Amino acid sequence: MLIEKVLIGFVVGTLIGMTGVGGGVLLLPVLIFVLRIPPIIAVGSDALFNFVTKIGSSWVHLNKGTVRKKVVLALASGSVPGSILGVSLLGHLRTVYGTGVNTFITTAVGVLLICIPTLLLFQSRIEEHVAQRSPTLQSFVGMSAIGLLAGFLVGMTSVGSGSIIMMLLLLFYSFSPKVMVGTDIVHAVILTGVTSLLHFRLGNIDPYLVGSLLIGSIPGGLLGSHLSTRLPVPWLRRLLCAVLLATGARMLWA
């Protein structure tokens, strides 16, 4: 089982490095369907995995100055309470319905696995459409609202700490691509850190699972970054999104 988990971490890390698709979107379905991890444990473990894997890249972006700290603060002011609400909802559902909370999580993740890959497929077109547009949402409150929505979803599913925030920022604000990515990653560290802590307090994390996945994902990420300049990544990204869409449908209509 240890070798299996390390290999899964390696494959997921490689795909993240090659395509830039978020770890939560890629890993969570594997934990649930392949390793047969109970969804509520999979969500908590996935949140911790995402937190650890983003620390290094966030440090790099901070050193390069590609982070808007005020935007991070605005997003976090909404995402932290949103995450608390999301995790608290799962705790309440587990108290009321017991293992029935796993069905709720599977359905919620299924919906996100249909919505997020669909948006990713059209991301380049959206970027082209809004590239020359002036910002349409400029308030601290607006960014906090984006953070609140993303934080709530991440608290419930661990999915979207990067992809949902990135897409919403893309739709409502105009930043350079490097600043967009750097700001998104640094905020994701805060969000996934808070979320994983909340799940840890509720006993929703398997530390040995996370450790095994990280052993494989770190070299996998390095390999994926190396291969990204040598392989037709756009086609791989489309194929990956199609697989995720099918997985989301499988979760909803299982």
task = Provide Rg and Dmax in Å for region 1-82, with only Cα atoms included in the calculation.
result = 15.0, 44
message = Using only the alpha carbons of the chain, what is the convex hull's orientation-averaged projected area in square nanometres?
response = 12.9 nm²
note = Sorted largest first, the Cα spans of region 162-213 on the principal axes come out in Å as 40, 21, 13
remark   = Quick calc, L73 & S176: beta-carbon distance into FRET formula, R0 30 Å, rounding 0.05, result 0.95
query = Convex hull volume of the Cα atoms in region 57-105, per residue, in Å³?
reply = 92 Å³
query = Which whole DSSP H helices in the chain pass both tests: a Cα extent of 24 Å or more along the axis and a mean Kyte-Doolittle value no lower than -1.0?
reply = 2-19, 39-64, 69-97, 100-121, 140-157, 177-201, 207-227, 233-252
remark   = D (µm²/s, integer) via Stokes-Einstein for region 200-254, Kirkwood Rh across alpha-carbon pairs, 4 °C, 1.567 mPa s: value 91 µm²/s
note = Label model pair V111, Q123: point-to-point distance (7 angstrom along the Cα→beta-carbon line) in nm is 2.3 nm
key: For the chain, with +1 on Lys and Arg beta carbons and -1 on Asp and Glu, the positive-most of V154, L35, P219 along the dipole   = P219
Contour excess over end-to-end distance, with Cα ends at H92 and L223 and 0.36 nm allotted per residue = 43.0 nm
key: Choice from V43, V194, V34 showing the highest fluctuation, given a GNM over the chain with Cα pairs closer than 10 Å   = V34
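A short reminder: the numbers here are calculations on the coordinates, not readings from a lab. No experiment lies behind these values; they were computed from the predicted model shown. Cβ atoms come from the backbone with ideal geometry, glycine included; neighbour counts cover every protein chain shown.
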